[in-house]
Protein chains: 2
Amino acid sequence: MTQSSVALGNDNGNGNVIRLAVSTVIFALRPAKHPSKKWDIVMPVVLRTRDPHEGKWALPGGWLREDEGLAAAASRTLAETTGLHPAYLEQLYAFGAVDRSPTRVVSVLYWALLRADAVQQRATPENVEWFSVDGLWGLAFDHDEIVQYALWRLQNKLDYSGIAQGFLPELFTLSDLREVHEAVLNKPLDPANFRRQVEGSGEIVPTDQFRKGSHRPARLYRTNSEVALASHGPLKPDTQ
Amino acid sequence: MTQSSVALGNDNGNGNVIRLAVSTVIFALRPAKHPSKKWDIVMPVVLRTRDPHEGKWALPGGWLREDEGLAAAASRTLAETTGLHPAYLEQLYAFGAVDRSPTRVVSVLYWALLRADAVQQRATPENVEWFSVDGLWGLAFDHDEIVQYALWRLQNKLDYSGIAQGFLPELFTLSDLREVHEAVLNKPLDPANFRRQVEGSGEIVPTDQFRKGSHRPARLYRTNSEVALASHGPLKPDTQ
DNA sequence: TCAAAAGTGTTAGCTCTACACCCATGC
DNA sequence: GCATGGGTGTAGAGCTAACACTTTTGA
């Protein structure tokens, strides 16, 4: 083995160049049709108007530009698709199988949460459509698999982080938060136990405001700004 | 917003090309100097012989080739550095900050485990050195940060997966396994509780063989092939 | 017989879960 | 008052951590 064959940077500077895309699985909430739960999880997808996979729906994304970081590219294409900025953005995975596209493309995937109040009435470009994640199949490329993986990450992250708050506005009740959890996990949760669990976590702080409605007013909470939405370990939140 | 500005693949095919590197944080065990624990965690790093960062140590890696997947590139450069194949390989993160290198480079990082018995007496290329992760600072680029993140992932993964077995040969005792956990977590573990915990997990299966030594023979176990070393969720183990 | 590691048993304390119950409001 | 969601209390199951104890070997 020659010395030059080893080690990044003992290269000759002629590294192969690769086309690098950044795409994002964007999660948002929409009032559920079926009254058994309050919210459906939806995501925007984009109609492909060219080959490969013309006529199929694909995750929004675009090419990484020379002068922007990966998360910045995700944020930019997300804004182009939805007109919005994400409440939460995290890298999902880098996909680079040789045969995942007819031409070689490496894709860095992100996943994002949008706040329910922001999504309300946003004009969407005509080639963008929002679908419930439940029956969402037949996407272009390997995007079906990617969506399932992103959903798995979202469900996992609920357990040990305050990620669900990313869907909610600044002030919310414990019922609001529980309904988000129920929508993501697809199962009902005990209100009493949920309350204690989330109150003990320190992820939210009570305010002295209440939401008046049809019944007993519910206390409003806000996200504890001392605690990050999610733990990234020793990595800084995401400004690469 | 024009339609062409939205969506991966409604591109014009002229996506910017990027230099894409794949590097790996490679963990192995080495008998500890200090007798308080049995193993030290070590990793190979490569001396940079060119700018940028000439004279510093860097993580082993190389440029992604046109005809290989990301994991394949990690495996290849790992073999070039150590002469070995990894017992476990997992993607860590994609780093793409614009200023992380003087010229724009996106790096997909992997982390890997080597089996203790394989590492024993392997000839190492002369520009490669193995260091304990404990006091390992001053690496090239952002590699210090990357190493800490990889170590954090390794420690986390110990709790909920049979990853520690990746360090061990086919047959091992419960003490062997516990000593690996102690080395990674840097704290002593109760042998009795550790036994029950790992026996109940189904990650290992007892054999009818015993290791004879200086004291009461210890039963040998092997990895349960029905259970993967680690959970990747709905993603297939790693052949991208 | 003794030291040391292998392996088993036991208990106190904690968390989790299910569910009973009370509280405050609009109608 | 009464229906409804907000909010509190509590007992049993199950898990965890600490540590006492027994077993089996080599020396």
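The values are calculated or read from the model by the stated rules, or taken from the named source; none is laboratory data. Source: prediction; values computed, not measured. In this analysis, Cβ positions are derived from the backbone assuming ideal geometry, glycine residues included, and neighbour counts consider all displayed protein chains.
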**OP:** Residues being in a strand (DSSP E or B) and within 7 Å of chain A (Cβ to nearest Cβ): count how many of those fall in the stretch B:19-53.
**Re:** 5
**OP:** Check whether at least one residue in the stretch A:193-209 is closer than 20 Å to A:A28 by Cβ and either aliphatic (A, V, I, L, M) or more than 17 Å from the chain's Cα centre (by Cα) (or both), and report yes or no.
**Re:** no
Subject >> Test: residue in the stretch B:179-202 that is of a type in the set (A, V, I, L, M), without any contact (Cβ under 8 Å) to a residue 24 or more places away in the chain and not assigned by TED's automatic domain parsing to the domain that holds B:S23 >> reply: yes
Subject >> Filter pass, B:L220 being outside any helix (DSSP H, G or I) and within 10 Å of DNA strand D (Cβ to nearest atom) >> reply: no
Original post:
What number of residues within the stretch B:193-240 satisfy the criterion of being within 14 Å of chain A (Cβ to nearest Cβ) and within 16 Å of DNA strand C (Cβ to nearest atom)?
Top reply: 0
Original post:
If we keep just the residues of the stretch B:162-205 that are of a type in the set (F, W, Y) and under 19 Å from B:D40 (Cβ atoms), which is farthest from DNA strand D (Cβ to nearest atom)?
Top reply: B:F167
Original post:
If you take the residues of the stretch B:72-87 that are surrounded by 22 or more Cβ atoms within 10 Å (Cβ to Cβ) and more than 17 Å from B:T124 (Cα to Cα), which of them is farthest from the other protein chains (Cβ to nearest Cβ)?
Top reply: B:A74
Subject >> Considering residues of the stretch B:111-138 that are buried (at least 20 other Cβ atoms within 10 Å of the Cβ) and in contact with a Gly (Cβ under 9 Å, 6 or more places away or on another chain) only, the residue farthest from the other protein chains (Cβ to nearest Cβ) >> reply: B:R115
Original post:
Of the residues A:V184, A:V227, A:V198, which is more than 19 Å from A:D117 (Cα to Cα), out of contact with any Phe, Trp or Tyr (no Cβ under 7 Å at 6 or more places or on another chain) and crowded, with 19+ Cβ neighbours inside 10 Å?
Top reply: A:V198
Original post:
When both residues are 6+ apart or on different chains and their Cβ atoms are under 7 Å apart, which pairs have a first residue that lies in the stretch B:205-219 and is of a type in the set (K, R), and a second that is within 11 Å of DNA strand C (Cβ to nearest atom)?
Top reply: B:R211/B:T173; B:R211/B:P217; B:R211/B:A218; B:R211/B:L220; B:R219/B:T173; B:R219/B:P206; B:R219/B:F210
Subject >> Meets criteria (at pLDDT 95 or above, at the interface with chain B (Cβ under 7 Å from one of its Cβ atoms) and in a loop (DSSP other than H, G, I, E, B)) for A:R65 >> reply: yes
